[in-house]
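Step one of this worksheet: look at the structure below.
Taken together, the values in this text are just the output of simple stated rules run on the coordinates, not laboratory data. Just so it is clear, the structure is predicted and the values come from calculations on it, not from any experiment. Counting neighbours? That spans all protein chains shown, and the Cβs are built from the backbone with ideal geometry, glycine included.
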Amino acid sequence: MIEGLERMIKEAIKAKDIIKNTTSRIMVVSHYDADGICSAAIMYKALRREGKDFHISIVKQLSENILENVSKAKPEVVIFTDLGSGQINFIKKHLSCSITVICDHHEPQGEPDESIIHINSLVAGIPEHISGSGVTYLFARTLNPENVDLSPLAIIGAIGDSQIDSIGIDWGLNGINKEILKEAGERGLMKVEKGLRLWGRYSRPLHKALEYSIDPYIPGISGSESAAVQFLQEAGIDPKKPDGGWRTISDLTIEEQRKLADEIIKERIRNNHENPEYVFGDVYELLDKPEEFRDANEFATMLNACGKMGKAYLGVMICLNMKNAYPEVKKVLEMYRREVGKGTSWLISNLKNPDVVKKGHGIYIFAGDNISEHIISNVVSIVNHSGVLPDKPIFGFANSEEGIKISARISEKLGERGINLKEILSELSEKLGGQGGGHMHAAGAVIAKGKEMEFMRMSEEKLSKILCDQKPENLAGFVH
Ligand code: C5P
Ligand code: ZN
C-alpha cells in the first residue's frame, strides 16, 4: 500500500462512523473548480447511497462569511471537500458546535481540534498525485465499498487539477491517481490509450482540432484554419469521411494518428518548440459518457467552465450522468470559450502597451478589469504556450472581489532551471496580505489590492537570485 494511504484511511474510518450515525441534514461545501465539482458529485452519490439527507453548496473560496451562513443552520455534521484545510481556524471559530469532516489536498493552516476529522493527503505524507476528489473518493470508498464506481470522478478531478505529468519517461497520471485509475479500468468505467493529445477527439473536425490546438501548440497551424487544412493535405490525411462528413481524431487509424503526430512533431522541431514530442500521450476515456463527452481532459474543462461561469450545479449534474444537463453545459462551454478568446485578443493587442505588460526576469500582465479573475489563468496559459512572448515566468494580475488575483505559469525548461512558482507565490502572497499555492509550473494567489508593484519587485528579486546565481553555461540563451 502506498505510504500514507493507511493514515488517510484511519481518519476516513472515524468519519464513516460519524456519517453512519447521523440522522440530521448533512451540509456539504465544496470548491467551484473541476476537482471540487467532482468531489461534490462523489459526496452526492455516497450520501444518497447511505440514505442521508444533505445539502451541497459550491463556493469559490471558503470565507468567514460562508462559514457563518453554514453555522446558522446549526448542522450536526458538515463535510468540506477540496477546501477546508486552509481555513481550520475559521472552521473552529464558526462551527464549534458541529462535527466537521475535511477531505482535502491543500496545505493545512491551523491545528484541527477534536471536533474536526481531517482527511488530508499532505498531512498523511502524500505530497502529490492525488486530488481533492481523490481524497473524497477514498473517504467514500471507506464509507461503502460500492462507491468504487465513483472512481472516474476522482480521475477527472485530478486531470482538472493539472496532475498529469511525468515521472521519468512516464507521462500521465501517477501515484495514487494511477491506483484509482486501475479501479476504474477494472470496472469497465474508463480506458487509457495512447493517442494524439488534441482537443475534440470526438467532437471536432480534424482541421478544427488542429486550428484550435493550444497545448500542444503547432507553430503556423494553431490559429489558422487554412493552414490546418493544407497541413492535413500535405500529410496525406483525408479530412472527410466517404459520406462527405468531417472526420474527427477518433476516426483516424492508429497509423494515421502516428503520421499526424510525426508531422506535428516535425513542425515543432522546425520552430524550436520545447518538448516537441509531447503530442502523443495517454488519452483517458470515460466509457459511461455520451461520445462527445468521453475524453476525461475535455470533461474536466467543461466542469471548470461550469464553475467559472457560475453554474457549478450543471457540472455536478453531468458528473452524475443527468443527460438533460448536457445541452446546457455545451452552451456554457461556448460562453466560456468566447470569454477566454476575448481576454486573449485583448492581451495580444496590448502586448506593447507598457501599462499592461512589464518585462524583467519575469513578464507581468496587468489586466485590471479587462480580463475576469476567472479566466486570467486560461489567458496566461495560452500566451505561455503560444510563443508570442519570450520564455520567462508569466504573471497575470486581474481585479477580484477579494483583492488581486494572480495566475502564474512557466515552461518546463524554466522549471528545470530551478524556478518553483508554488514556492514563490505562496511566500510572496503571504507577505502581501493574501494566500497562494499550486504547483511548480502553474500557481495562483490572491494579494491585497494595491500590492501589485511590490509583488513585482519581490518576484524580480527572487527570479534574479535563482537565474543569475546559476553557472554561466546554464544561462545560455537567457535574455535579460
Ligand atoms: O487559478 P490558477 O489556475 O492560476 O491556479 C493555479 C494553481 O494555483 C491551482 O492548483 C490552484 O489551486 C492554486 N491556487 C492557490 N491559491 C490561489 C489561487 C490558485 O493555491 N489563491
Ligand atoms: Zn483540488
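Normalising the Debye intensity of the chain to I(0), with uniform scatterers on Cα atoms only, and taking log10 at q = 0.07, 0.09 Å⁻¹ returns -0.37, -0.63. Couplings for the range 99-115, taken from phi via the Karplus curve 6.51 cos²θ - 1.76 cosθ + 1.60 with θ = phi - 60°, read 9, 10, 10, 10, 10, 8, 10, 8, 4, x, 10, x, 10, x, 9, 5, 8 Hz in order; Gly and Pro are left as x. Close amide H contacts of D295 (hydrogens built in the peptide plane, cut-off under 5 Å, sequence separation of 5 or more or a different chain): L286. For the pairs K182/K323; K259/K405; K10/K308; K72/K182, flag any whose C-alpha to C-alpha distance is greater than 30 Å. Correct reply: K259/K405; K10/K308; K72/K182.
Please give the residues of the range 406-432, grouped as numeric ranges, whose backbone N is less than 14 Å from a label point set 7 Å along the Cα-to-Cβ vector of R457. Inside the label zone: 432. Rounded to whole numbers, the Karplus 3J(HN,Hα) couplings from phi for the range 12-22 are 4, 5, 4, 5, 4, 4, 4, 5, 4, 8, 8 Hz, using 6.51 cos²θ - 1.76 cosθ + 1.60 with θ = phi - 60°, and x at Gly and Pro.
For the chain, adding -39500 (n - 2.57) for each run of n ≥ 4 DSSP H residues and dividing by the number of residues yields -13500 deg cm²/dmol at 222 nm.
Quote the FRET efficiency, to the nearest 0.05, computed for E50 versus E292 with a Förster distance R0 of 41 Å and r equal to the Cβ-Cβ distance. Walk me through the numbers on the way to the answer.
Numbers: r = 33 Å, r/R0 = 0.81.
Computed FRET efficiency for E50 and E292 comes out at 0.80.
Dividing the mean sequence gap of close Cα pairs (under 8 Å, 6+ apart) by how many residues the range 80-166 holds gives a relative contact order of 26 percent.
Report relative contact order for the range 250-320 in percent, whole number only (criteria: Cα-Cα under 8 Å, sequence separation at least 6).
Details: 33 pairs, mean separation 10.2, N = 71.
Across the range 250-320, relative contact order equals 14 percent.
Using a 10 Å cut-off on Cβ atoms, rank the peptides 226-234, 31-39 from the highest mean neighbour count down. Before the final figure, lay out each step's value.
Numbers: 226-234: 16.2, 31-39: 31.8.
Most protected by this proxy first, the peptides run 31-39, 226-234.
With contacts taken as Cα pairs under 8 Å and at least 6 residues apart, the chain reaches a relative contact order of 10 percent.
For I117, the residues whose modelled amide H falls within less than 5 Å of its own, excluding neighbours fewer than 5 places apart on the same chain, are T100, V101, I102. Between the C-alpha center of the range 364-438 and that of the range 66-82 there is a gap of 32 Å. Taking amide H as placed 1.01 Å from N in the peptide plane, I56 has its amide H under 5 Å from the amide H of V28, each at least 5 places away in sequence or on another chain. Our coupling estimate for the range 345-362, obtained by passing each phi through the Karplus curve with A = 6.51, B = -1.76, C = 1.60 and θ = phi - 60°, is 4, 4, 5, 4, 6, 10, 4, 9, 7, x, 6, 9, 10, 10, 10, x, 5, x Hz, Gly and Pro reported as x.
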